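Engineer: My structure is below; once you've seen it, I'll send some questions.
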Amino acid sequence: MDLTSTVIIPLLFGSLGIFALFRLLQWMRMRAYLQEAVVVITGATSGLGKECAKAFHAAGCKLVLCGRDSKKLKDLVQELSTMTNHKKNVSTHKPHTVVFDLSDTKTVLNAAEEILKYLGHVDVLINNAGISFRGTIVDTGLDVDKKVMETNYFGPIALTKALLPSMIKRRQGHIVAISSVQGKISIPFRSAYAASKHATQAFFDCLRAEVEQYDIDVTVVSPGYIQTNLSLNAVTADGSRYGVMDKNTAEGQTAAEVAQVVLNAVGQKKKEVLVAGLAPSLAVYLRNLFPRLFFTLMAARAKKERKAKDS
């Protein structure tokens with residue numbers, strides 16, 4: 001008797017069938033979780049935020065798109081409406097827009113009030129907006145460090161704290177922080193950015209533990225390099241715009257790919273997701289398991305980058 005044909009092949013196909021059924025049930029659960037959900041997205045007018053808006057809109061969410069540029073927000077709403085016309089089988093909703101500057105705590109609190117007044121509650125908050133940094137520590141003014149921290153850390157936690165009581169009252173909600181690999185490791189000449197993302201990681205780790213009793217989910221997404229304008233718009237040591245597209249950024253994952261990861265992470269209620277290539281992922285483990293080697297490599301990288309800049 002042929003063991004392969006009588007036992008192994010049926011077992012293989014049976015396993016594949018079970019896996020397919022599991023994925024289908026997972027997809028159906030995710031769709032049910034996101035359909036009609038009120039989703040707030042900061043930094044929605046470009047890059048990852050814009051792609052997240054497209055992904056969650058297509059999933060049938062009721063979006064609240066946040067940003068500093070009113071015209072860009074209106075253009076995005078129009079773009080999403082055009083997408084809707086091509087997807088008749090999906091029940092979508094016209095997004096609401098809220099204009100505010102995440103680095104201004106007062107406007108953040110006003111924005112939270114506007115969101116709750118308009119929609120009554122928030123199911124999912126995606127803290128996406130942020131700014132990057134390039135420069136040496138010795139040349140960087142404290143005002144630049146504060147600027148980066150206001151946008152990347154204090155702004156998101158102010159919005160989170162403003163919306164959190166309503167989630168606790170409903171015993172329902174999901175808070176997402178778009179952090180970075182640099183929230184886990186630090187590389188030379190990114191001090192202000194890495195510091196803000198380390199703070200972000202710590203805050204939302206604490207939040208996750210504190211709000212679990214209220215059935216509120218917290219997801220931290222840590223991407224590596226993404227093909228966005230993050231490096232172009234980064235601030236430098238003197239506060240000016242960096243204006244350079246880094247090679248690693250240009251060769252990174254597309255924002256649309258990462259947005260799908262964010263969508264799936266929310267739908268599956270994941271607590272943490274690392275979205276990075278092999279080298280950054282290895283660096284995270286290297287930092288924890290072999291710190292001496294990691295620090296040596298970072299010192300060598302700093303020396304190399306400084307030499308290239310001076311030449």
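The values are calculated or read from the model by the stated rules, or taken from the named source; none is laboratory data. Please read all numbers here as calculations on a predicted model, not as lab measurements. Backbone-built Cβ (ideal geometry, glycine too); neighbour counts: all protein chains shown. In case anyone asks, the SASA skips ligands and DNA or RNA and just uses the protein heavy atoms, side chains included. Shrake-Rupley method; radii C 1.70, N 1.55, O 1.52, S 1.80 Å.
Engineer: Quick check on region 114-176: what are the equivalent-ellipsoid semi-axes from the Cα gyration tensor, as sqrt(5λ), descending, whole Å?
Structural biologist: Result for region 114-176: semi-axes of 32, 10, 9 Å.
Engineer: Continuing with the same structure: Cα convex hull of region 255-311: mean projected area in nm², to one decimal?
Structural biologist: 5.7 nm²
Engineer: Let me ask you something else. Counting only other residues whose beta carbon sits under 15 Å from that of ARG208, what net charge do I get with K and R as +1, D and E as -1?
Structural biologist: Around ARG208, the charge tally is -2.
Engineer: Separate question: Using only the alpha-carbon atoms of region 219-268 as identical scatterers, what base-10 log of I(q)/I(0) does the Debye formula give at q = 0.17, 0.30 Å⁻¹?
Structural biologist: -0.59, -1.05
Engineer: Stick to the Cα atoms of region 125-272, pair each with every other, and give me the Kirkwood hydrodynamic radius in Å at one decimal.
Structural biologist: 15.9 Å
Engineer: Compute and list, largest first, the equivalent-ellipsoid semi-axes of the chain from the alpha carbon gyration tensor, each √(5λ) rounded to a whole angstrom.
Structural biologist: 33, 29, 19
Engineer: Quick one: compute a quarter of the convex hull surface over the Cα atoms of region 198-237 and quote it in nm².
Structural biologist: Averaged projected area of region 198-237's Cα convex hull equals 4.1 nm².
Engineer: Which residues' amide hydrogens lie under 5 Å from the amide hydrogen of HIS174, considering only partners 5 or more residues apart or on another chain, with H built in the peptide plane?
Structural biologist: For HIS174, whose amide H was placed from the backbone, the distant partners under 5 Å are VAL124, LEU125, ASP217.
Engineer: Over the chain, with the other protein chains present, what is the accessible area per residue in square angstrom, probe 1.4 angstrom?
Structural biologist: Spelled out: the 1.4 Å probe surface of the chain, per residue, equals 53 Å².
Engineer: So which trypsin sites (Lys or Arg not before Pro) in region 122-190 pass both tests, a DSSP loop state and at most 15 other Cβ atoms within 10 Å of the Cβ?
Structural biologist: Passing both the DSSP loop test and the Cβ count: ARG171.
Engineer: If you don't mind, there's one more thing I want to ask. Give the whole-number value, in cubic angstrom per residue, of the convex hull volume spanned by the C-alpha atoms of region 48-183.
Structural biologist: Once divided by residue count, the hull of region 48-183 is 129 Å³.
Engineer: Sort largest first and round to whole Å: the equivalent ellipsoid semi-axes of region 158-210, each the square root of five times a Cα gyration tensor eigenvalue.
Structural biologist: In descending order the semi-axes read 27, 10, 8 Å.
Engineer: With +1 on each Lys and Arg Cβ and -1 on each Asp and Glu Cβ, and nothing else charged, work out how big the dipole of region 146-227 is about its Cα centre, in Debye to the nearest 20.
Structural biologist: 240 debye
Engineer: Let me ask something else. Where the only charges are on Cβ atoms (+1 Lys, Arg; -1 Asp, Glu), what is the dipole of the chain about its Cα centre, to the nearest 20 debye?
Structural biologist: 180 debye
Engineer: I've got another one for you. Normalising by the residue count of the chain, find the relative contact order in percent from Cα pairs under 8 Å and 6+ residues apart.
Structural biologist: 17 percent
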